[in-house]
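Remarks on the structure that follows.
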Amino acid sequence: MTDPDPASTLVSALPFPKHIGIKPNEDGALVLAENQSLYNHLGTLHAGALFTLGESASGATVLRQLGQALAGATPVAKSATIEYRKPARGRIRAGGSLDEAVEEIAARLQRDRKTTFDVRVTLQDDAGVEVAAMKVTWYVRADGPGG
C-alpha cells in the first residue's frame, strides 16, 4: 500500500473536511467513511456531506495538478454544481480531473495573473456506483502587486 499523496493529505486536514471525517485514500482520492451522524432523514448520506467531499476532492486535484504553477497564487472555489444521482450509503470515494491541460491554465495565470478553470469530480460508493457528479469552478489569482 502506498502513502496518500500530499495534496489529499493537506485538504483532508483542513478543519471542516477533518470534522466530518474526510480522509485521503491510497490512490489520491478522498473518502468519507460510513458515519450515521452524516445521514439524513431518508437513511442516506446527507447532501451537504457529499458536497463537502466533492469540493474537497476538487481542491486536492487543483493542488496535485497545479502545485508548482500555484506558487505565489491563491486558489479559491468560485462556484460549484452537483448532481445527486443515486442514494449514497456506506463509504464514498471522490476523485477529480481538470477539464483542460495544466499548461493552458498555468500560461493564463502567468500571463494574466489570474484565471478560472473547472474540475470535474465523480463520487462513487464501494460498489462503483456513481452517487453524485460535481463541477467546481476555481479562481486563482497571483499574490502581491498586480494580483
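None of the figures in this text is laboratory data; all of them are computed from the coordinates on show. Computed from a prediction, not measured in an experiment: that's the story for all the values here.
Key figures
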item	result
Amide H within-cut-off set for residue 78, under 5 Å, with H built and near neighbours excluded	137, 138, 139
Relative contact order (%) - criterion: Cα under 8 Å, at least six apart; region: the chain	24 percent
10 Å-binned pair-distance histogram of segment 32-80 (Cα, whole percent)	22, 39, 23, 13, 2
Gain upon complete extension [residue 112, residue 23; 0.36 nm per residue less C-alpha separation]	28.6 nm
Diffusion coefficient, µm² s⁻¹, Stokes-Einstein with Kirkwood Rh over alpha-carbon pairs of segment 6-142 at 25 °C and 0.890 mPa s	163 µm²/s
³J(HN,Hα) computed for each position of segment 106-113 - Karplus, 6.51 cos²θ - 1.76 cosθ + 1.60, integer Hz, glycine/proline x	4, 5, 4, 4, 5, 6, 9, 6
Among 62, 102, 119: highest mean-square fluctuation, GNM of the chain, C-alpha pairs under 10 Å	102
Proximal lysines relative to residue 23, as straight alpha-carbon distance under 27 Å, when same-chain residues fewer than 8 apart are discounted	78, 86, 135
